[in-house]
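Asker: First the structure, which I've put down as structure tokens, then a few questions once you've had a look.
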Amino acid sequence: MTEATTYRQVKYTYPPDATEIVLVRHGETIPADPDKPFPLLDGHGDPELAPEGREQAERVAELLASGGRPIDAIYVTTLRRTAETAAPLAARLGLTPVVEPGLREVNLGIWEGGAYRRHVVERHPMAVEMIERERWDVIPGAESNEALADRVKAAIERIAAAHPGGRVVVVAHGGVIGVILAIASGSRPFAFVGADNG
């Protein structure tokens with residue numbers, strides 16, 4: 001009598017030269033205060049991490065540094081909340097984060113500096129319209145979905161081209177992560193907006 005032939009499931013293997021990109025949303029930032037707008041950097045609100053965000057950054061570092069494939073690079077944006085989030089991981093791995101300006105958060109026009117948060121929570125009519133239409137540029141002066149997608153796609157392509165066969169961590173923003181996932185999946189524009197911090 002012969003033993004029956006069986007077939008196990010095939011394990012996933014990365015395509016040759018594929019770049020694994022681990023997306024991390026920055027840690028929680030300090031609360032928005034209408035009387036003290038966030039400082040602006042090149043027209044973008046640039047708040048620092050809150051104590052909770054610093055704890056999230058430490059947990060991200062612990063998780064990502066503890067195994068799996070080695071990390072070849074860490075990318076951050078021009079905004080300090082991403083650099084502050086990446087700092088514990090960079091220190092553990094001995095890597096210097098690379099700044100990729102194309103991954104900075106969507107520009108929110110007249111709602112920069114923290115006003116966006118207040119208007120969304122208070123259900124300002126423009127915020128309601130923005131969510132219903134899934135268009136950032138409902139806000140006067142805000143970046144269009146198309147401009148955001150073009151710059152983010154170009155940045156991700158630059159990162160992938162720089163690390164064929166590698167694994168990189170990208171510490172970015174909720175709107176940017178949302179557009180990356182929308183492009184990758186072909187989903188509607190806001191389907192993935194609002195990833196949890198850290």
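Asker: Nearest 20 debye, what's the magnitude of the dipole of region 7-54 about its Cα centre given +1 on Lys and Arg Cβ and -1 on Asp and Glu Cβ?
Answerer: Working: 5 positive and 9 negative charges, 102 e Å.
Rounded to the nearest 20 debye, it is 500 debye.
Asker: To test your reading of the geometry: what angle, between 0 and 90 degrees and rounded to tens, separates the Cα axis of helix 174-185 from the longest principal axis of the chain?
Answerer: Approximately 50 degrees, to the nearest 10.
Asker: Along region 166-171, what does the Karplus equation 6.51 cos²θ - 1.76 cosθ + 1.60 (θ = phi - 60°) give for ³J(HN,Hα), rounded to whole Hz, x for Gly and Pro?
Answerer: x, 10, 10, 10, 10, 9
Asker: Separation between the Leu40 and Val120 pseudo-spin-labels, each 7 Å from Cα along Cα→Cβ, expressed in nm?
Answerer: 2.0
Asker: Rounded to a whole number, what is D in µm²/s for region 76-162 from Stokes-Einstein with the Kirkwood radius over alpha-carbon pairs (37 °C, 0.692 mPa s)? Don't skip to the answer; put the middle values down first.
Answerer: Numbers: Rh = 14.7 Å.
It comes out at roughly 223 µm²/s.
Asker: While we're on this one: Through the Karplus equation 6.51 cos²θ - 1.76 cosθ + 1.60, θ set to phi - 60°, convert the phi angles of region 124-133 into ³J(HN,Hα) values in whole Hz; use x for Gly and Pro.
Answerer: 3, x, 5, 5, 4, 5, 4, 5, 5, 8
Asker: Please report, in debye to the nearest 20, how large the charge dipole of region 72-112 is about its Cα centre when each Lys and Arg carries +1 at its beta carbon and each Asp and Glu carries -1 there. Before the final figure, lay out each step's value.
Answerer: Values: 4 positive and 5 negative charges, 24 e Å.
Result for region 72-112 is approximately 120 debye, rounded to the nearest 20.
Asker: What three numbers, in Å, describe the spread of the alpha carbons of the chain along their principal axes, ordered from the longest?
Answerer: Principal extents (Cα only, largest first): 80, 37, 30 Å.
Asker: Another one. State the dimensionless ratio Rg/Rh of region 1-106 (Rg: radius of gyration of Cα atoms; Rh: Kirkwood radius).
Answerer: Answer for region 1-106: 1.21.
Asker: Give me the distance in nm between label points sitting 7 Å out from Cα along the Cα-to-Cβ direction at Ser144 and Arg8, one decimal.
Answerer: Going by the 7 Å Cα→Cβ label model, 5.3 nm.
Asker: Would you mind counting up the charge near Arg135? Only other residues with Cβ under 14 Å from its Cβ, with Lys and Arg at +1 and Asp and Glu at -1. List each step's numbers first, then the result.
Answerer: Values: positive: Arg133, Arg188; negative: Glu129, Glu132, Glu134, Asp137, Glu143, Glu146.
Local charge sum for Arg135: -4.
Asker: What order, most packed first, do the peptides 96-107, 168-179 have when packing is the mean number of other Cβ atoms within 10 Å of each residue? Each step should come with its number before you reach the end.
Answerer: Working: 96-107: 19.3, 168-179: 24.2.
Packing proxy ranking, top to bottom: 168-179, 96-107.
Asker: Moving to a separate point now. State to the nearest 20 debye the size of the charge dipole of the chain about its Cα centre, where the only charges are +1 on K and R beta carbons and -1 on D and E beta carbons.
Answerer: Numbers: 21 positive and 28 negative charges, 90 e Å.
Value, rounded to 20: 440 debye.
Asker: Give the residue from Pro70, Leu108, Val168 lying farthest towards the positive end of the charge dipole for the chain; charges sit on Cβ (+1 for Lys and Arg, -1 for Asp and Glu) and the dipole is referred to the Cα centre.
Answerer: Of the listed residues, the answer is Pro70.
Asker: So, in nm, how far is label Ser187 from label Arg158 when the simple model puts each one 7 Å beyond its Cα toward the Cβ?
Answerer: Simple spin-label model gives 2.6 nm for this pair.
Asker: Over the chain, what is the percentage of antiparallel beta bridges among all DSSP beta bridges, to the nearest 5? Can you show the working numbers first?
Answerer: Working: 5 of 16 bridges.
Roughly 30 percent of the DSSP beta bridges within the chain come out antiparallel.
Asker: At 0.36 nm per residue, and after removing the present C-alpha to C-alpha distance, how many nm does the segment from Glu48 to Glu129 gain when stretched out fully?
Answerer: Working: separation 81, 0.36 × 81 = 29.16 nm, distance 2.89 nm.
Full-extension gain reported as 26.3 nm.
Each value in this text was obtained by applying a stated rule to the coordinates, not by laboratory testing. Here the structure is a predicted model, which means the values were calculated and not measured. Neighbour counts run over all protein chains shown; Cβ positions are idealised from the backbone, glycine included.
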